[in-house]
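K.L.:
Sharing a structure, written as structure tokens. Questions coming.
Each value in this text was obtained by applying a stated rule to the coordinates, not by laboratory testing. Because the structure is predicted, anything quoted here is derived from the model rather than measured. For neighbour counting, all protein chains shown are included, and Cβ atoms are generated from backbone atoms with ideal geometry for every residue, glycine included.
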Amino acid sequence: MNKIVIGDNIVKSFGEGIEQRNILDGVSVEINEDEFVSVMGPSGSGKSTLMFALSGMDGINSGKVVFDNKDLSAIGEKQLSDIRRSEMGFIFQQPTMLKNLNILDNIILPSIRDNRKNALKISEKARTLMEKVGISELEKRNITQVSGGQLQRAGICRALMNSPKIIFGDEPTGALNSQSAQEIMDILSEINTEGTAVMLVTHDAKVAARTERIMFMRDGKIVSELKLPKSVGVNIDSRIEKVTAKMLEIGI
Amino acid sequence: MYNRIIRNDILKSKAITLTTVIFVAAAAMLVSLAAILVINLTGALDTLMEKAETPHFMQMHSGEIDRHRLTAFAEQNNNVEEYQVVEFLGMDGSQIILGDNSLTNSVQDNGFSIQSEKFDYLLDLNGDIINISDGEIYVPVAYMKDNTAELGDTAVISGKEFTIAGFLRDSTMNSSLSASKRFLVSSNDFVEIKDLGNIEYLIEFRLKDYSKIGEFETAYASAGLEANGPTVTYTLFKTMNAISDGLMIAVILLVSVLVIAIAFMSIRFTLLAKIEDDYREIGVMKAIGLRLSDIKKIYLAKYAVIAAAGSILGFILSLMFQGVLLENIRVYMGESENAPLAIGLGIIGILLVFLAIVAYVNLVLKRFRKISAAEAIRFGTSKEKKVGAKRFTLSSNRVFSTNIFLGIKDVLARKRLYGTMLLVLVISAFIIIVPQNLYNTISSKSFIQYMGIGSYDLRIQTSDHEKTDDIVQTIESDSDVSKYAVLTTKTFKVKTSNESGENMKVELGDHSAFPIEYSVGRAPVRDDEIALSAINADEMSKKVGDVITLINEGKEKELKVSGIYSDVTNGGKTAKAVFTDNSANVMWTIVCVELSDKSFVDSKVLGYSSEFDFAKTSDINEFVSQTLGSTINSVEIASYAAVAVALVITTLVTLLFMKMLVAKDRYSIAVMKAFGFTNSDIKVQYVSRSVFVLIVGIILGTLLANTVGEIFAGALISSFGASTFNFAVNPLSAYLVSPLMMISMVLIATVIGIARAGQIKISENIKE
Ligand SMILES: Nc1ncnc2c1ncn2[C@@H]1O[C@H](COP(=O)(O)OP(=O)(O)OP(=O)(O)O)[C@@H](O)[C@H]1O
Ligand SMILES: [Mg+2]
């Protein structure tokens, strides 16, 4: 099985001199190219920092990040941007969208940068995606004129536009009610079964229970891991139980 | 008590605070300079004219003179306080050699006088009445200014040697607009050289009551006294003396108004941005029941500190720069007695700037009241109305690259914010273009058409009408001459309602050969038509189509006014007609000549000068530049200064705006970076924003400059006689070089201003 992302002994610290603290303290992770993983851990344990490190958005102090056989610590800002734009997708807790643009424009923004000539095709693809996540009637709306759940779906469409190899989601359901959260998870599962790796950060055992591997973080380290069968089936409740049990065990 | 907050705030935004201080300083400096210059100019001018006892009325006259009649008139007229006739010994420039320089090329009527007895004194550079000894000569200060003569040099006048003992200020002829220049020699020396030139008379009066000058003028004219030459009054002397510095002050005032507007705009921009940033905090403070006036005080105090620092800096700068700008006044008019008053007025001007800023900040802060605590806490921003540009979408955009699209879209979406920047750029473009166009216009050859002079290559002027035919014959047979016209100036009496006639100089001849600009109507073509200069038409309150009656040797001649034109020569009171007349005395004749090949002008001037030594031949360009030279110079300096000021403003404002935008847009920048936009993508977006705003700014600025600016410049020009006015635009500099300069400065400032954008960390701005 090919690894899409390999993090090897990542150390990331903030602050200087005696103030310096290792926020990531020798973290190693590997994610398969069709895997659906999640990261859990207390607030401040370094989950977001890990995601920023693995996606090349933030530099690291030592260790190594390899994405799709490319060593991210060895390449420059331009190529990093290129990789993020064309090979990764991101979904954040807060809707990270530009106020100036309407929903459709926000969705096509990263893909149209290199491909202006195909604007029609790109818009078409965006509409297909929007239909799939159930927001097709919102394309002309301003981002302040839709609900949080709808915005989050638009964010997923944006993440999918370039057919990425992996989707990073930092608490993509954190601001949503459980109904919306489940719908988002349905969409993400479907994307995953179609062959895209997904890595989620979450506080929610119900969300984590739908992934096939859960990494638990504390104080900048991965302290434990829980593997579940890939297909969720009807066992969702027992999966949730397993996750909560694990959380209790390591005291999160 | 606010000290700490203010200090921290200022330290946190050093660049922005500094820029604001610089704008305030520039505005304060200009206001103070204008005040200082106005006071010094009026003061120095008054001092000069008081000490010299400038005549209230002066009639220049060439030809026979009847002193008894004049004395009788002066004694009879009860408004006359003093009267004198000054002899002015006109001499050809080639006969005057100062040091190593001869005045051959001078278009001025150079001449010699002795110190006056009763008034109209010639003063030395200390402002004292000159006491001259034999063998000494005093030279008009203009020749010191242009380095023609130096103290102690030997002057050779028609072969007789003098020592240049000093330079003189002449309250009647100082100005370059005055055609004559007086040299001062002792009475003994005057007698010696008297036969070497032509004597002209300056018939001068001081009045008991100057307000009755109009009556006096009519009385003089109706008495039929000597009048073969221009008439000048005290007011006109004053205007001529003040014109070049006055023009400079006007330009400074214009620029200072604009810079103040810009200072206000920057304050508004930074203040609005700051309020937006602090929106949530302000809302929270309001919510927990803090008094708004307390928060307001903090902002107000900050800007009071900035305004005070800027004003003080500006005042110091104005004291430093005043020397350069006062130089002309010092040389031509001397020190002003009002110098301390000038500083005082400068301080008052600066206080006004300071108070205006504080009041303005207070006004902008009125917004505080509108901030809703609930809204501020819920949304963190004010719910700005989204306007327009809804159709301008990325999905339908086919024209611009994505980055350029995003730049333009941002501008369209935040019109208020960019509107401020746009206004500044419009003003900058205006400041760059208007003085430049003004300079270009008054230095262009066609500008003389506004002076009442047609567009030809050289002019030959003579008062010796018996020899006019010689000149005409020579010109006629000269194959290099492509066109010529003979214009003869005669005096006629105008019949007015109150019986007493007034004299008017009428230029007769073919006025279609070298046409001038008419502000209303057209040139006279029929025998019964006449065109009036603007000042004449004004004084006689005549419009086009009105009829005036000239009296000549008892006979009346009715003429219809065909047009009105601007004239800055001969005191601005002239007229043009085409009828033939053999009766009246010719005052002077001008032969206007156009050459088929302009490169001959210099050699022709030399040739005709020696051939017609009784006449005055001058290159028309030289004539214009010597007449308007110092005015043109002042405007040129002002226009360069304006370009420099505007470019500095453009750069600083762009820098300021870009820095603020990047600070405000950290989040959007982080988002775009997260989704794979590179730093250079971001750079292109910001450059597109500023270039887009700049292009709109340049277009609007240029349009405004050519409409409003033209009207404004026209008002300035009309102050010295010209009434219609169109900019002569140098397209290369106005439409290419100036915009290019602005674009390069904006590009540089944008790139420097957004340097921080590259350092914005995604992880620090997208917190999860
Ligand atoms: N720029 C920074 N400078 C200093 N410390 C930082 C910085 N960014 C994050 N930290 C610290 O690093 C630690 C980990 O932060 P991170 O955002 O990764 O936590 P998290 O696990 O995502 O928490 P949460 O669940 O609350 O989102 C925190 O203690 C935080 O204070
Ligand atoms: Mg986090």
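K.L.:
For chain B, build the charge dipole from Cβ charges (+1 Lys, Arg; -1 Asp, Glu) around the Cα centre, then report which of B:Thr468, B:Ile96, B:Thr650 sits farthest towards its positive end.
P.N.:
Checking the options against the dipole of chain B, the answer is B:Thr650.
K.L.:
Given an 8 Å cut-off on Cα distances and at least 6 residues of separation, report the relative contact order of chain B as a percent.
P.N.:
For chain B, the relative contact order is 17 percent.
K.L.:
Full-extension gain between B:Lys297 and B:Phe614, please, as 0.36 nm times their residue separation minus the C-alpha to C-alpha distance.
P.N.:
Net length gain for the segment: 106.3 nm.
K.L.:
When only Cα pairs under 8 Å and 6 or more residues apart are kept, what is the percent relative contact order across region B:81-207?
P.N.:
Relative contact order for region B:81-207 comes out at 38 percent.
K.L.:
Taking 7 Å along the Cα-to-C-beta vector as the label spot, tell me the B:Ser744-B:Phe400 distance in nanometres, rounded to one decimal.
P.N.:
In this crude spin-label approximation the distance works out to 2.6 nm.
K.L.:
Work out how far the C-alpha atoms of region A:136-252 reach from end to end along every principal axis, then list the three figures in whole Å, largest first.
P.N.:
If we take the Cα atoms of region A:136-252, the spans are 48, 31, 28 Å.
K.L.:
Still on this model: Quick one: plug the Kirkwood hydrodynamic radius of chain B (C-alpha pairs) into Stokes-Einstein at 10 °C, 1.306 mPa s, and report D in µm²/s.
P.N.:
After rounding, the answer is 53 µm²/s.
K.L.:
Once amide H atoms are built 1.01 Å from N in the peptide plane, which residues 5 or more positions from B:Asn77, or in another chain, come under 5 Å H to H?
P.N.:
For B:Asn77, no residues qualify.
K.L.:
Using mean Cβ contacts within 10 Å as the protection proxy, how do B:125-131, B:426-432 order, highest first?
P.N.:
B:426-432, B:125-131
K.L.:
Which cross-chain or sequence-distant (5 or more) residues have an amide H under 5 Å from the amide H of B:Met587, H modelled 1.01 Å from N in plane?
P.N.:
HN-HN under 5 Å from B:Met587: B:Thr489, B:Lys490, B:Thr491.
K.L.:
Quick one: Kirkwood hydrodynamic radius for the protein assembly as shown, alpha-carbon pairs, angstrom, one decimal?
P.N.:
Here the Kirkwood hydrodynamic radius works out to 35.1 Å.
K.L.:
Further question: What whole number of Å gives the distance from the Cα centroid of region B:627-674 to the Cα centroid of region A:39-79?
P.N.:
Spelled out, the Cα-based centre of one part sits 41 Å from the other.
K.L.:
For the pair B:Tyr667 and A:Met1, what calculated FRET efficiency results from E = 1/(1 + (r/R0)^6), where r is the Cβ-Cβ distance and R0 = 30 Å, to the nearest 0.05?
P.N.:
0.20
K.L.:
With a ≥ b ≥ c taken as the square roots of the eigenvalues of the C-alpha gyration tensor of region B:81-207, please select rounded if a/c is under 1.5 and otherwise prolate if a/b is larger than b/c or oblate if it is not?
P.N.:
Since a/c stays below 1.5, the shape of region B:81-207 is classed as rounded.
K.L.:
Can you list the residues of region B:498-537 with backbone N under 17 Å from a point 7 Å past the Cα of B:Gln76, pointing along Cα to Cβ?
P.N.:
Counting backbone N atoms under 17 Å from the label point, the list is B:499-503.
K.L.:
For B:Glu64 and B:Ala308, what is the calculated FRET efficiency with R₀ set at 56 Å and r taken between the beta-carbons, to the nearest 0.05?
P.N.:
Efficiency computed from Cβ-Cβ geometry: 0.20.
K.L.:
Work out the FRET efficiency for B:Arg268 and B:Asn585 from their Cβ-Cβ distance, taking R0 = 41 Å, and round it to the nearest 0.05.
P.N.:
Efficiency, from the Cβ-Cβ distance: 0.05.
K.L.:
In this model, which of B:Lys118/B:Lys505; A:Lys3/A:Lys132; B:Lys181/B:Lys560 are farther than 31 Å apart at the alpha-carbon?
P.N.:
B:Lys181/B:Lys560
K.L.:
Rounded to two decimal places and with Rh computed the Kirkwood way over Cα pairs, what is Rg over Rh for region B:487-552?
P.N.:
For region B:487-552, the value is 0.94.
K.L.:
Around A:Ile6, under 11 Å between beta carbons, what's the net of Lys plus Arg minus Asp minus Glu among the other residues?
P.N.:
Every neighbour counted, the sum reads -1.
K.L.:
On to the next question. For peptide A:106-117, how many partner chain Cβ atoms fall within 10 Å of a residue's Cβ, on average?
P.N.:
So the per-residue partner count for this stretch is 5.
K.L.:
Along Cα→Cβ, 7 Å out, is where each label goes; now give me the distance between the ones at A:Ala175 and B:Ser222 in nm to one decimal.
P.N.:
With each label point 7 Å from Cα toward Cβ, the separation is 9.2 nm.
K.L.:
In deg cm²/dmol and to the nearest 500, what is the mean residue ellipticity at 222 nm of the protein assembly as shown if only DSSP H runs of at least 4 residues count, each as -39500 (n - 2.57), divided by the residue total?
P.N.:
-15500 deg cm²/dmol
K.L.:
Want the number for B:Ala339 to B:Asp546: 0.36 nm per residue separation, take away the alpha-carbon distance, what's left?
P.N.:
Value of the extension gain: 69.6 nm.
K.L.:
Using C-alpha positions alone, give me the convex hull volume of region A:18-82 per residue in cubic angstrom.
P.N.:
Each residue corresponds to 113 Å³ of Cα convex hull volume.
K.L.:
Here is a further query. Given points 7 Å out from each Cα along the Cα-Cβ axis, report the B:Asp464 to B:Glu281 separation in nanometres with one decimal.
P.N.:
About 8.7 nm separates the two model spin labels.
K.L.:
Starting from the Kirkwood radius over alpha-carbon pairs of region B:1-130, derive D by Stokes-Einstein at 20 °C in a medium of 1.002 mPa s and give it in µm² s⁻¹.
P.N.:
Answer from the Stokes-Einstein relation: 102 µm²/s.
K.L.:
Let me ask something else about it. Ranked by Cβ crowding within 10 angstrom, fewest neighbours first, how are B:Phe167, A:Phe90, A:Phe14 ordered?
P.N.:
By the 10 Å Cβ count, ascending, the order reads A:Phe14, B:Phe167, A:Phe90.
K.L.:
Counting only the backbone N, which residues of region A:1-38 are under 13 Å from the spot 7 Å out from the Cα of A:Ser62 toward its beta-carbon?
P.N.:
Backbone N within reach: A:9-13, A:22, A:25-27.
K.L.:
Okay, moving on. Tally Lys/Arg at +1 and Asp/Glu at -1 over every other residue whose Cβ is under 11 Å from the Cβ of A:Ser147; what's the total?
P.N.:
In short, +2.
K.L.:
Which listed residue (B:Met320, B:Asn338, B:Ile267) has the Cα farthest towards the positive end of the charge dipole for region B:247-338, taking +1 on Lys and Arg C-beta and -1 on Asp and Glu C-beta about the Cα centre?
P.N.:
B:Ile267
K.L.:
Still on this structure: Rounded to a whole number, what is D in µm²/s for region B:406-557 from Stokes-Einstein with the Kirkwood radius over alpha-carbon pairs (10 °C, 1.306 mPa s)?
P.N.:
Answer from the Stokes-Einstein relation: 78 µm²/s.
K.L.:
Roughly how many debye, to the nearest 20, is the charge dipole of chain B about its Cα centre, given +1 on each Lys and Arg Cβ, -1 on each Asp and Glu Cβ, and no other charges?
P.N.:
Magnitude of the dipole: close to 8360 debye.
K.L.:
Related question: Using just the alpha carbons, could you tell me how many Å³ per residue the convex hull of region A:3-250 encloses?
P.N.:
134
K.L.:
Whole-Hz ³J(HN,Hα) for each residue in region B:460-471, computed from phi via Karplus 6.51 cos²θ - 1.76 cosθ + 1.60 with θ = phi - 60°, x for glycine and proline: what do you get?
P.N.:
10, 10, 9, 9, 8, 6, 5, 9, 4, 4, 4, 4
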